Amino acid sequence: MIIKNIHSAVEALKKGELVGVPTETVYGLAADALNAAAVAKIYELKQRPLDHPLIVHAADLDTAKELVTTFPDSALTLAQKFWPGPLTLVLPKKSVVPDITTGGLNSVAIRVPEHPVTLKLIRDTGFPLAAPSANPFGTISPTTAEHVEQSFGKKGLIIIDGGPCRVGVESTIISFLGKEPCILRLGGLSTEEIEATLGPIAVVGKSAKSIAPGMLPQHYAPRTPLVLLNETDSLPNLNPMGLLTLSSPAGCERFQAIQELSVTGNLQEAATRLYGAMRILDEMDLKLIVAYRFPDRGLGRAINDRLERASQNSSRLA
Ligand code: TXA
Ligand code: MG
């Protein structure tokens, strides 16, 4: 059920129920992060493996600090600069955060989301919210309340409509558990912006499963097979095919459907529209979705990361 007024959502969360919430990145499936029984319902509804830790959403830096044992200076610098915003920090957790919230890890991923409705929700409930993206495990993340309704509406979930998500891809996750901070997941805050503040930072590859559980190579996937290609690559001989691209290159006649994410080549606009466009193509009974690789800068890097993961379901074509 889609609602606009947060009053019933506050009540539901206080009772240990789940609520679909808007954030600036993607919609989240939220529960009281400090209530293990409530958090268990997230895993159940999403069909998510229990060792995939959740992100905890705090109202502000001060409440975030209450959840961790240390907050290194570099993490503080980033938090002060980019919160509220699409940045998640992984820090050693205090015992007040239940193990189920962190998938059994002794660290916790925290962010302060930028959406005014969800910030008010967190303040009104009085506790932080654990919230993964509000989609069934492994599928395309939701960027509107209607997307969440399509997945979970029949299960009676309350969903707060906060409009379409401004950023459109998940938060950037940085770990502060090692000697040097490192990026565990590319996302809505670009590596360039982080480096302008902290200096050079490593991006951990997909093989680092032990460091970032839940970073599966296959994720964010449509049902239709998807391949990630360069514009110069030759095309598979399949029909009908759809194209997902930044702006349409010449020779697009081969495609029955084209989703052009930004006519002006703006990568932020492209990120905002990415998941919605994937959903539209996925509804069209295409044999294949071809995605042309995005420029490897700014949010283009996060977009390519998501497309690489989405393309892992097409191995049967190869
Ligand atoms: O933008 C976002 O981050 C969205 C919105 C709703 O805030 N949330 C989101 O959550 O993308 P989710 O569950 O789809 O992704 C959470 C990921 C996990 O898969 C894992 O890779 C990482 O966060 N994570 C969480 N806790 C961690 C920890 N303690 N150590 C390492 N990685 C962690
Ligand atoms: Mg997710």
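The values are calculated or read from the model by the stated rules, or taken from the named source; none is laboratory data. Keep in mind that what you see is a predicted model, and the values were worked out from it rather than measured. Please note: Cβ atoms are built from the backbone with ideal geometry, for glycine as well, and neighbour counts cover all protein chains shown. With ligands, DNA and RNA removed, areas are computed over all heavy atoms of the protein, side chains included. Shrake-Rupley method; radii C 1.70, N 1.55, O 1.52, S 1.80 Å.
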Long-range amide H partners of THR88, meaning residues 5 or more apart or on another chain whose placed amide H is closer than 5 Å, are THR172, ILE173, ILE174
Could you give the nm distance between label points at LYS154 and ASP124, where each point is 7 Å from its Cα heading toward the beta carbon? 3.0
Region 223-318: trypsin sites (Lys or Arg not before Pro) in DSSP coil with no more than 13 other Cβ atoms inside 10 Å: ARG223, ARG297
If I take every Cα pair under 8 Å that is 6 or more residues apart in the chain, average their sequence separation and divide by the length, what percent do I get for the relative contact order? 20
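Restricting the count to DSSP beta bridges whose residues both fall in region 49-151, what percent are antiparallel, rounded to a multiple of 5?
Taking every DSSP beta bridge with both residues in region 49-151, the antiparallel ones total about 70 percent.
Filter LYS14/LYS93; LYS41/LYS120; LYS4/LYS120; LYS41/LYS65 down to the pairs with a C-alpha to C-alpha distance above 18 Å, please.
Violating the 18 Å limit, Cα to Cα: LYS14/LYS93; LYS41/LYS120; LYS41/LYS65.
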What ³J(HN,Hα) values, in whole Hz, does the Karplus curve 6.51 cos²θ - 1.76 cosθ + 1.60 give for region 283-296 when θ = phi - 60°, with x put for Gly and Pro? 8, 9, 6, 7, 6, 7, 9, 9, 10, 8, 3, 8, x, 8
Roughly speaking, what is the stretch gain from ALA250 to HIS7, that is 0.36 nm per residue apart minus the C-alpha to C-alpha distance, in nm to one decimal? 82.4 nm
Check which residues have an amide H placed less than 5 Å from GLY28's amide H, if you skip close sequence neighbours. VAL21, THR23, ALA134
With just the Cα atoms defining each centre, how far is region 173-192 from region 77-92? Give it in Å. 10
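Stokes-Einstein at 10 °C, 1.306 mPa s, Kirkwood radius from Cα pairs: D for region 142-192 in µm² s⁻¹?
D = 120 µm²/s.
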Can you work out the Karplus-derived ³J(HN,Hα) for every residue in region 140-152? Use 6.51 cos²θ - 1.76 cosθ + 1.60 with θ = phi - 60°, whole Hz, and x for glycine or proline. 6, 5, x, 10, 9, 4, 5, 4, 5, 4, 4, 7, 10
Take the alpha-carbon positions of the chain, form their convex hull, and give its projected area averaged over all directions (one quarter of the hull surface) in nm². 15.6
For the chain, what % of the accessible area comes from carbon and sulfur atoms, probe 1.4 Å? 51
So what is the calculated 222 nm ellipticity per residue for the chain, using -39500 (n - 2.57) for each DSSP H run with n of 4 or more, over all residues, to the nearest 500 deg cm²/dmol? -8000 deg cm²/dmol
Of the GluC sites (Glu not before Pro) in region 218-301, which ones lie in a loop per DSSP and count no more than 14 other C-beta atoms within 10 Å? GLU231, GLU283
Please work out how much length the chain gains when fully extended from GLN47 to LYS179, using 0.36 nm per residue of separation minus the C-alpha to C-alpha distance, in nm with one decimal. 44.1 nm
Pairs of alpha carbons in region 226-317 whose separation is greater than 24 Å (percent): 11
Between GLU231 and LEU198, what is the spin-label point distance in nm, taking each point 7 Å from the Cα along the Cα→C-beta axis? 3.3
Region 103-250: proportion of alpha-carbon pairs further apart than 25 angstrom, %: 46
J(HN,Hα) series, region 301-311, from Karplus relation 6.51 cos²θ - 1.76 cosθ + 1.60, nearest Hz, glycine and proline x: 5, 5, 4, 4, 4, 5, 5, 4, 5, 5, 7
With r defined as the distance between the Cβ atoms of ASN239 and THR264 and R0 fixed at 35 Å, what FRET efficiency is calculated, to the nearest 0.05? 0.70
Nonlocal amide H pairs with ILE3, under 5 Å, H built at 1.01 Å: ILE159, ILE160, ASP161
